[in-house]
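Asker: Just dropping this structure here.
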Amino acid sequence: MSLMPRMKRIAVVGAGVSGLTAAYYLNRIREEQSLELEIALLEACDRPGGVIRSVRKDGLLLEGGPEGWASYKPAAKVLVKDLGLQQDLIGSKDIHRRTFIVNQGQLTELPKGMAFFAPVDPISFWRSAPISIRGKFRASLEPFISRSKGDLSVQQFFERRLGSEFTEEVVEPLISAILGSDFRKVSARSALPEMYGIEQRTGSLWKGMRRFANIPATVSTLNSMRHGMGQVIEGLVNQLGQVQSHYSCGQLKLKKSNGSYSLVSDAFEGEFDSIIFCTPAHATASIVQDPFPETAGILNEIPYGSSNLVYLAYERSGFTHDLNGFGFIVPSREAGTVDACTWVSTKWDGRCSDDRVLIRCAIHSGRKHRADLSDEALVEAVHQELHRLLKIDSNPCLSQVFRVKGSLPQLLVGHSRKLERISESLKDDPNLYMAGSYWGGVGVPDCIKTGKAAAERVAESLFTA
Ligand SMILES: Cc1cc2nc3c(=O)[nH]c(=O)nc-3n(C[C@H](O)[C@H](O)[C@H](O)COP(=O)(O)OP(=O)(O)OC[C@H]3O[C@@H](n4cnc5c(N)ncnc54)[C@H](O)[C@@H]3O)c2cc1C
């Protein structure tokens, strides 16, 4: 007599890109292998996407979160292809790829011959780096420096390898602009895993990253979607198949009894064999607190930052700066209102009409006090800063502020040990999984990778036991 296998139930908590990816791949595995599997997707908010949000306004395409992703990380492109959306994959216009840095109130071009924080082309670097001969010479000694040991801060990692001048002048503003993090505290191993891995494998960034030296300007270093990042979210939501989605699911609490788990709130109740948490660490902590206080304690040790994004559009006719690059970043010593500024209309096609220019400024919570300003005050402060730096004298014809609270995990020195401790604290509960930006890196492709990996591990453990 053969017994019918019991239907297994899996919950995915959080419908940001990590959770949607997990639910999507779980559903695909279910279909491909005809598994007896029910999947529930639980989201506290009334919409999917988490920090990803694309908004059309007056002919502009504005991103309330990420505007694209690093093209050398394949996971996002694979997902876009799996969703059948590859025809809408777009690349940044790298023919205009130049980044500026604020130096004594002026914009200076970042060294040429760099890729992802590191110099890769010695000749271009020597010709163009805005640092002293001594600083260039020190950076050139990098191949002779031994491999890093242990969990170093980004500052320690780069100072060892490329010297303090390069680190202060180039790495600090890039880290502040991209990760919204303090380079003295953030972990090189956790926050820049690819670069750290290259250094560990090859012993040198100059040598290990040489393959990035001659990327022609026809190859885009960043990807996005024709209709904005929200298109990835829409594609995922449209292809969740039989996943049961529950939005506005209330404040969930995990309960554990006899080897199975329940998720309970005012608005939802369900029992599951396995759960994938794709929520920020602090949110996961409050869900698992009762049965797993130790795990919750470690999750709460992971700090998060907030970001404000300010979009300003100007009529092109009166705009006096030629926006001849991807934008600029601001080192700490020059910090005013803006941490990083993207010249969207130069960097991407299809974000605004030809008669306007579109600028996006990021203001992270790490530096100074500016995040507390009202929308109007923030727009005015950003406009004044652009007026000063770009010498423009026209006023914006449109503005939009997005506030993203507590969504950027700070992967500080010791982060990887925290993840190990979380896993150790759950060693008797192998059917609970984590994914998302604090688990495998903050970039969109990293989140997709962790969501997909969690889906594959859950399916394997539930159905091959
Ligand atoms: C301003 C900003 C700009 C960025 N720019 C880029 C970029 O250009 N390129 C790039 O690669 N990356 C960028 N990132 C990083 C990247 O966008 C994020 O790391 C990624 O989108 C996070 O996805 P996630 O699904 O892990 O988390 P989230 O998007 O935070 O999703 C988590 C979800 O969980 C839900 N949730 C929370 N609590 C609960 C609960 N108790 N119960 C149920 N659901 C809950 C939330 O509502 C949310 O929907 C940026 C991030 C920010 C904040």
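Asker: With each run of n ≥ 4 DSSP H residues scored as -39500 (n - 2.57), what mean residue ellipticity at 222 nm is computed for the chain after dividing by its residue count and rounding to the nearest 500 deg cm²/dmol?
Answerer: Rounded to the nearest 500, it is -9500 deg cm²/dmol.
Asker: Within straight cross-link reach of residue 112, meaning Cα distance under 12 Å, which aspartates and glutamates are found once same-chain residues fewer than 8 apart are removed?
Answerer: 121
Asker: Here's something else I'd like to know. Let me know the shape class of region 315-465, please: from the alpha-carbon gyration tensor, a ≥ b ≥ c as square roots of the eigenvalues, rounded when a/c is under 1.5, otherwise prolate if a/b is greater than b/c, or oblate.
Answerer: Prolate, because a/c is 1.5 or more and a/b exceeds b/c.
Asker: Then there is this: Once the Cα atoms of helix 375-390 and of the chain are each reduced to a long axis, what angle between those two axes, in degrees from 0 to 90 to the nearest 10, is obtained?
Answerer: The angle comes out at about 40 degrees.
Asker: Efficiency by 1/(1 + (r/R0)^6): what FRET value for residue 320 and residue 124, r their Cβ-Cβ distance, R0 = 35 Å, to the nearest 0.05?
Answerer: 0.75
Asker: Which entries of 255/427; 73/93; 93/207; 73/418; 253/449 show an alpha-carbon separation above 21 angstrom in the structure shown? Could the numbers behind the result be given before it?
Answerer: On the way: 255/427 17 Å; 73/93 18 Å; 93/207 27 Å; 73/418 25 Å; 253/449 26 Å.
Pairs exceeding 21 Å: 93/207; 73/418; 253/449.
Asker: Of the peptides 279-286, 301-308, 405-412, how do they stack up when ordered by the mean number of other Cβ atoms within 10 Å, highest first? Mind dumping the intermediate values first?
Answerer: Numbers: 279-286: 22.0, 301-308: 18.8, 405-412: 20.2.
Going from most to least packed, we get 279-286, 405-412, 301-308.
Asker: Shifting gears a bit: Calculate the spin-label point distance for residue 34 paired with residue 141, positioning each point 7 Å from the Cα along the beta-carbon direction, and give it in nanometres.
Answerer: My value for the distance between the label points is 6.7 nm.
Asker: Here is a follow-up. Please work out how much length the chain gains when fully extended from residue 134 to residue 112, using 0.36 nm per residue of separation minus the C-alpha to C-alpha distance, in nm with one decimal.
Answerer: This chain segment gains 6.2 nm when fully extended.
Asker: Tell me, what is the FRET efficiency for residue 300 and residue 149 to the nearest 0.05, using R0 = 35 angstrom and their Cβ-Cβ distance as r?
Answerer: Details: r = 29 Å, r/R0 = 0.83.
That gives a FRET efficiency of 0.75.
Asker: Using only Cα positions of region 113-212, each an equal point scatterer, no hydration layer, compute I(q)/I(0) via Debye at q = 0.12, 0.16 Å⁻¹ and quote the log10 values to two decimals.
Answerer: -0.33, -0.60
Asker: Still on this structure, I have one more. Taking Cα atoms, how many degrees apart are the long axis of helix 444-463 and the longest axis of the chain, rounded to 10 and kept between 0 and 90?
Answerer: The angle comes out at about 20 degrees.
Asker: Also, I was wondering about something else. If amide hydrogens are placed 1.01 Å from N in the peptide plane, which non-local residues have theirs closer than 5 Å to the one on residue 279?
Answerer: 435
Asker: With every protein chain left in place and a probe of 1.4 Å, what is the accessible surface of residue 53, to the nearest 10 Å²?
Answerer: For residue 53, solvent-accessible area is about 90 Å².
Asker: Something else now. Taking only protein heavy atoms and a 1.4 Å probe, what accessible area per residue, in Å², does region 306-408 have with all protein chains in place?
Answerer: Here the per-residue accessible area is 41 Å².
Asker: Follow-up question, since we're still on this one. Under 5 Å between amide H atoms, partner at least 5 residues away or on a different chain: which partners does residue 9 have, H built in plane at 1.01 Å?
Answerer: 38, 273, 274
Asker: Which of 148, 130, 162 sits closest to the plus end of the dipole of region 129-224, meaning its Cα is farthest towards the positive end, when Lys and Arg get +1 and Asp and Glu get -1 on the C-beta?
Answerer: Farthest towards the positive pole: 148.
Asker: Another question about this same structure. Could you give the size of the charge dipole of the chain about its Cα centre, using +1 on the Cβ of each K and R and -1 on the Cβ of each D and E, expressed in debye and rounded to the nearest 20?
Answerer: Working: 55 positive and 52 negative charges, 280 e Å.
Charge dipole, the chain, about its Cα centre: 1340 debye, nearest 20.
Asker: A further question follows. Considering only protein heavy atoms and a 1.4 Å probe, what is the carbon-and-sulfur percentage of the accessible area of the chain?
Answerer: Of all accessible area on the chain, carbon and sulfur atoms account for 51 percent.
Asker: If you don't mind, another one. So, R0 is 30 Å and r is the distance between the beta-carbons of residue 81 and residue 247; what FRET efficiency does that work out to, to 0.05?
Answerer: Using R0 = 30 Å, I get an efficiency of 0.65.
Asker: Which of 196, 319, 254 sits farthest toward the positive end of the charge dipole of the chain, with +1 on the Cβ of Lys and Arg and -1 on the Cβ of Asp and Glu?
Answerer: 196
Asker: In addition: Mind checking which lysines have their C-alpha under 22 Å from residue 391, skipping anything on the same chain fewer than 8 residues away?
Answerer: Once the sequence-local lysines are set aside, what remains near residue 391 is 347.
Asker: When the solvent-accessible surface of protein heavy atoms is calculated with a 1.4 angstrom probe, in what order do 237, 379, 458 fall, highest first?
Answerer: Result, largest first: 237, 379, 458.
Asker: From the C-alpha coordinates alone, can you work out the Kirkwood hydrodynamic radius of the chain, in Å?
Answerer: 23.5 Å
Asker: Residue-wise, which Karplus ³J(HN,Hα) couplings in Hz belong to region 77-86, taking 6.51 cos²θ - 1.76 cosθ + 1.60, θ = phi - 60°, and x for glycine or proline?
Answerer: The phi angles translate into 5, 4, 4, 4, 5, 4, 7, x, 10, 4 Hz.
The values are calculated or read from the model by the stated rules, or taken from the named source; none is laboratory data. Remember, it's a predicted structure, so these values are computed and weren't measured experimentally. Using ideal geometry, Cβ is built from the backbone for each residue, glycine included, and neighbour counts are taken over all protein chains shown. In case anyone asks, the SASA skips ligands and DNA or RNA and just uses the protein heavy atoms, side chains included. Shrake-Rupley method; radii C 1.70, N 1.55, O 1.52, S 1.80 Å.
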